[in-house]
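What follows is one structure encoded as structure tokens, with my remarks underneath.
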Amino acid sequence: MTEDYHHFKFTPSVWIVPTLLLIVIWFVFVIENSFNVDLTSHGILPRTISGLQGLLFSPFLHGDLNHIANNSIPLFILTTALIYFYRDVSLKVLFYGILLSGLITWVIGRDSYHIGASGLIYVLVSFIFFKGMMTQYYRLMALSLTVVMIYGGMIWYVFPEVDKQISWEGHLAGLITGFIFAIRFKTPDYVEAIQYPWEKPDFNPEEDMFMKHFDEDGNFVNTPEPEEEIEEIIVSPTISYSYVYKETPNETKPIE
């Protein structure tokens, strides 16, 4: 199995990107309210040429404080998870997710302005869930299940008539976009395929203990048990010599 640290690294971009995203969203909201400016006309207006500008601007526009507050926390959490676990494709998912979900909303939406980052949030939820299940990697599958447990209730808001005040078309567009990206964008092979010894190029069947149990016709045979080698140990006796010095009685003494 591939080591996690090759793919999952906590770098400054993990929190810088979602933080900058929220700063821009809140900056636009403060400008609108401080100077009494209404930028709703820059949102997505389906099937109109002027409404195409909303593909870029709509995620940064919000109707009121409750609207922007409800979108800020999930947007930060999901963007952080996206960059940490899917670093290589994270910016593509964010940028193209805004465009494609906006385009689908532009095609299927009601004749009113569609604003808010909820479409992008549905892109992230959908991508993280489906991609994690497709990889079959335990960490990403756990992330998918966590997202479902926390944000699974959002699925009801992709249906019409649940709440007429929200853009269910934008939610549905985000869900579809995330699913498409989960299929389209490739990620590393987190689970390596198992390679058996006989699949390796240097495999020699004559040296394999299992293959030795088959004859040339493929019949199973019992191989003779190897004879035990008896090693003879010869211990050579140790001979020791002792020397005793004695004086002879006729030994002459030196003359002083």
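The values are calculated or read from the model by the stated rules, or taken from the named source; none is laboratory data. Everything numeric in this text was worked out from a predicted model, so none of it was measured. For neighbour counting, all protein chains shown are included, and Cβ atoms are generated from backbone atoms with ideal geometry for every residue, glycine included. In case anyone asks, the SASA skips ligands and DNA or RNA and just uses the protein heavy atoms, side chains included. Shrake-Rupley method; radii C 1.70, N 1.55, O 1.52, S 1.80 Å.
Every residue, every condition in (1) at pLDDT below 95; (2) under 22 Å from ILE183 (Cα atoms); (3) among the β-branched types (Val, Ile, Thr); (4) touching an Asp or Glu at 6+ places or on another chain (Cβ under 7 Å), yes or no:
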position: PRO46; (1), (2), (3), (4): no, no, no, yes
position: ILE49; (1), (2), (3), (4): no, no, yes, no
position: LEU52; (1), (2), (3), (4): no, no, no, no
position: LEU100; (1), (2), (3), (4): no, yes, no, no
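Any residue in segment 159-175 that is at pLDDT 90 or above and of a type in the set (Val, Ile, Thr) sitting within a Cβ distance under 9 Å of a residue that is open to solvent by 50 Å² or more (accessible area, probe 1.4 Å) and not in a loop (DSSP other than H, G, I, E, B)? List the pairs, counting only those 6 or more apart or interchain.
ILE166/TYR157
Only one of (1) of a type outside the set (Asp, Glu); (2) open to solvent by less than 20 Å² (accessible area, probe 1.4 Å); (3) without any contact (Cβ under 8 Å) to a residue 40 or more places away in the chain fails for ALA142. Which number is that?
Condition (2) is where ALA142 drops out.
Quickly run through segment 17-66 and pick out the residues that are aromatic (Phe, Trp, Tyr), open to solvent by 70 Å² or more (accessible area, probe 1.4 Å) and in a helix (DSSP H, G or I).
As a first pass, look at segment 17-66 and keep what is aromatic (Phe, Trp, Tyr): 26-27, 29, 35, 57, 60.
Remaining after also requiring open to solvent by 70 Å² or more (accessible area, probe 1.4 Å): 26-27, 35, 57.
Within segment 17-66, TRP26, PHE27, PHE57 meet the criteria.
Somewhere in segment 116-132, is a residue under 15 Å from PRO46 (Cβ atoms), assigned to a helix (DSSP H, G or I) and out of contact with any strand residue (DSSP E or B) (no Cβ under 6 Å at 6 or more places or on another chain)?
Checking segment 116-132: at least one residue is under 15 Å from PRO46 (Cβ atoms), assigned to a helix (DSSP H, G or I) and out of contact with any strand residue (DSSP E or B) (no Cβ under 6 Å at 6 or more places or on another chain).
Give the residue, chosen from LEU82, LEU45, LEU78, LEU22, that is within 27 Å of ALA142 (Cα to Cα) and in contact (Cβ under 8 Å) with a residue 60 or more places away in the chain.
So the residue among LEU82, LEU45, LEU78, LEU22 that is within 27 Å of ALA142 (Cα to Cα) and in contact (Cβ under 8 Å) with a residue 60 or more places away in the chain is LEU78.
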